[in-house]
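These notes are about the structure you will find just below.
The values are calculated or read from the model by the stated rules, or taken from the named source; none is laboratory data. Because the structure is predicted, anything quoted here is derived from the model rather than measured. Cβ placement follows ideal geometry from the backbone for every residue including glycine, while neighbour counts extend to all protein chains displayed. Accessible surface areas use protein heavy atoms only, side chains included; no ligands, DNA or RNA. Shrake-Rupley method; radii C 1.70, N 1.55, O 1.52, S 1.80 Å.
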Amino acid sequence: MKQKVVLATGNQGKVKEMADVLADFGFDVIAQTDLNIESPEETGLTFIENALLKARYASKISGLPAIADDSGLVVKALSGAPGLYSARYAGVDDNTADAKNRAKLLSELAHVAPTERQAKFVSCIVMLQHETDPSPIIAEGECFGEIALTEKGDNGFGYDSIFFSPEVNCTFAELETEQKKKISHRAKALSVLKNKLAIRA
């Protein structure tokens, strides 16, 4: 029988990207939105702290083990921004947020030379067996690239259409979903999680 876990995110893009992979790990994945669980305020100062906040809250409300991801885009020329505030960089929290976040980032980088637009996607995934689990599994993944001058591609979500990956010579939004699942920051963090789960099994 598969272990039930709650996926502590309200981001449907993340649910879509993570649920299938976690199901392959042997989990029966329930999105927190299906349990009417809202996300807590993200008051942490690091991706790990925010992921733990989300996982603890979802586990507390649901009574189930929880897996949470906190991720973001870190741009060198902007001293690490948008970073922890990637999802609400433009100050909005609705279905226009992604487009407004990308527009603000491109505007901020308008006068930055193409050779100075280095960036990385960071993903931190944590798993708790229960709300007060003192030994969470923590898995991190990073993906390096640069911010494109214009948007390209219509697959993916968030900043995918402006994150150019030299590894595949295109933006993340130009990748097929299955290809992105293999090389993204979240894919790398999930791979680390899988290995750590195997060790603890």
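For the subset of region 131-142 comprising residues that are in a loop (DSSP other than H, G, I, E, B) and farther than 20 Å from residue 199 by Cβ, which member is least open to solvent (accessible area, probe 1.4 Å)?
131
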Checked 145, 153 against criteria (assigned to a strand (DSSP E or B), over 13 Å from the mean Cα position of the chain (by Cα) and either surrounded by fewer than 16 Cβ atoms within 10 Å (Cβ to Cβ) or of a type outside the set (D, E, K, R) (or both)); the one match is 145
Would you confirm, using the coordinates I've provided, whether residue 164 is touching a Ser or Thr at 6+ places or on another chain (Cβ under 8 Å), open to solvent by 40 Å² or more (accessible area, probe 1.4 Å) and not basic (Lys, Arg)?
yes
Just checking, does region 67-83 include any residue being open to solvent by 70 Å² or more (accessible area, probe 1.4 Å) and on the phi > 0 side of the Ramachandran plot?
yes
Consider region 21-60. How many of its residues are among the acidic types (Asp, Glu) and in contact (Cβ under 8 Å) with a residue 24 or more places away in the chain?
3
Would you check which residues across region 25-69 are under 27 Å from residue 195 (Cα atoms) and part of a loop (DSSP other than H, G, I, E, B) and list them?
25, 26, 44, 45, 46, 63, 64, 65
Within region 93-130, of all residues that are within 20 Å of the chain's Cα centre (by Cα) and among the acidic types (Asp, Glu), the one most open to solvent (accessible area, probe 1.4 Å) is 93
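This table checks each residue for (1) among the aliphatic types (A, V, I, L, M); (2) free of Cβ contacts under 8 Å to residues at least 60 places away in the same chain.
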position: 71; (1), (2): no, no
position: 76; (1), (2): no, yes
position: 82; (1), (2): no, yes
position: 92; (1), (2): yes, yes
position: 96; (1), (2): no, yes
position: 103; (1), (2): yes, yes
position: 111; (1), (2): no, yes
position: 117; (1), (2): no, yes
